[in-house]
1. Regarding ARG244, is this residue free of Cβ contacts under 8 Å to residues at least 60 places away in the same chain, in a loop (DSSP other than H, G, I, E, B) and of a type in the set (Lys, Arg)?
2. Under 8 Å between Cβ atoms, at least 6 apart or on separate chains: pull out the pairs that start in region 7-21 with a residue that is hydroxyl-bearing (Ser, Thr, Tyr) and end on any residue that is surrounded by fewer than 18 Cβ atoms within 10 Å (Cβ to Cβ).
3. Could you tell me which of the residues THR222, THR210, THR178 is under 20 Å from HIS252 (Cα atoms) and either surrounded by 22 or more Cβ atoms within 10 Å (Cβ to Cβ) or among the hydroxyl-bearing types (Ser, Thr, Tyr) (or both)?
4. Restricting region 100-128 to residues that are surrounded by 19 or more Cβ atoms within 10 Å (Cβ to Cβ) and over 14 Å from CYS86 (Cα atoms), which is farthest from ligand 1 (Cβ to nearest atom)?
5. Is it the case, given these coordinates, that ASP180 is out of contact with any helix residue (DSSP H, G or I) (no Cβ under 9 Å at 6 or more places or on another chain), not in a loop (DSSP other than H, G, I, E, B) and not small (Gly, Ala, Ser)?
6. Please go through region 60-79 and pick out each residue that is farther than 16 Å from PRO119 by Cα and either under 14 Å from the mean Cα position of the chain (by Cα) or within 16 Å of ligand 2 (Cβ to nearest atom) (or both).
7. Residue check: is VAL102 under 21 Å from ASP165 (Cβ atoms), of a type outside the set (Gly, Ala, Ser), in a helix (DSSP H, G or I) and touching a Leu at 6+ places or on another chain (Cβ under 8 Å)?
Amino acid sequence: MLIDTHSGTRIDEIADGIHRISTPMPPSVFPGGFSFNQYLVLDDEPLLFHTGMRSIFPLVREAIAAVMPLERLRYLALSHFESDECGALNDFLQVAPHSVPVCSTTAAMVSVGDFALRPPRALADGEMLRIGKRQLMWLDTPHLPHNWETGLMWEPGSRTLLCGDLFTQGGHELPPLTSDDLLAPSEAFRRAGVAAGEPDPYSLGPGTATILERLAGLQPRTLAVMHGSVFQARRDDDGAAMLRGLARELVH
Ligand SMILES: [Fe+2]
Ligand SMILES: [Fe+2]
């Protein structure tokens with residue numbers, strides 16, 4: 001559903017009760033084009049995974065309001081502390097009076113506990129967060145792809161991995177959902193940046209392969225990425241195969 005014709009912000013249900021909000025950035029703003037996604041997980045206590053930057057707050061707010069009353073938002077989760085993950089965190093805390101930030105224990109300690117207008121709900125690795133009929137698991141993924149406080153969320157009911165910056169694709173006209181390979185386009189995008197002299201967005205560490213293997217072991221059906229198209233597996237092991245492929249690209 002298109003929310004705003006000027007910006008192109010839209011919201012689409014990409015798994016049962018999980019909505020992708022996406023705002024494209026044209027090449028005039030971001031060379032080659034880009035996109036910023038947030039995920040709204042509906043239930044008794046709805047969860048928003050990433051708020052987007054402060055600059056797109058009105059657009060993300062409008063997209064959520066098209067699906068449910070904004071005041072119902074309960075959890076504002078973030079993978080790590082960057083503007084596209086949580087720039088509008090305090091704006092949402094103000095318009096959704098019952099909402100609280102959700103993040104890793106490290107993120108709570110180093111950034112969110114101080115920055116946010118209300119104290120965060122800090123989740124330990126493997127901890128479940130019940131939001132109604134469904135619950136989500138917090139997975140610590142330090143330094144994957146960057147920042148020591150980083151973590152991801154797993155929704156076992158729909159087998160959806162909210163995988164943040166993993167499989168980041170360039171471009172601003174990508175479809176909400178695809179079953180095509182994301183590894184090749186995302187690696188091409190990363191390598192083009194590195195070849196142009198930009199720093200590698202991945203902070204490789206001794207734990208990289210182990211973390212990716214753990215994510216692959218979940219056998220995700222849907223990879224809900226923050227930048228680009230969501231991957232929907234055709235076969236049970238397609239998501240795992242792509243995560244293992246990423247490990248092969250990163251760890252030699
Ligand atoms: Fe990031
Ligand atoms: Fe990001």
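1. It is false that ARG244 is free of Cβ contacts under 8 Å to residues at least 60 places away in the same chain, in a loop (DSSP other than H, G, I, E, B) and of a type in the set (Lys, Arg).
2. THR9/LEU2; THR9/GLU62
3. Exactly one residue qualifies, and that residue is THR210.
4. LEU123
5. no
6. VAL60, SER79
7. Answer is no for this residue.
Matching residues to (1) acidic (Asp, Glu); (2) crowded, with 21+ Cβ neighbours inside 10 Å; (3) under 20 Å from LEU162 (Cα atoms); (4) under 13 Å from the mean Cα position of the chain (by Cα):
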{"site": "ARG54", "(1), (2), (3), (4)": "no, no, no, no"}
{"site": "GLU82", "(1), (2), (3), (4)": "yes, no, yes, yes"}
{"site": "ALA88", "(1), (2), (3), (4)": "no, yes, yes, no"}
{"site": "PRO97", "(1), (2), (3), (4)": "no, no, no, no"}
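Each value in this text was obtained by applying a stated rule to the coordinates, not by laboratory testing. Remember, it's a predicted structure, so these values are computed and weren't measured experimentally. For neighbour counting, all protein chains shown are included, and Cβ atoms are generated from backbone atoms with ideal geometry for every residue, glycine included.
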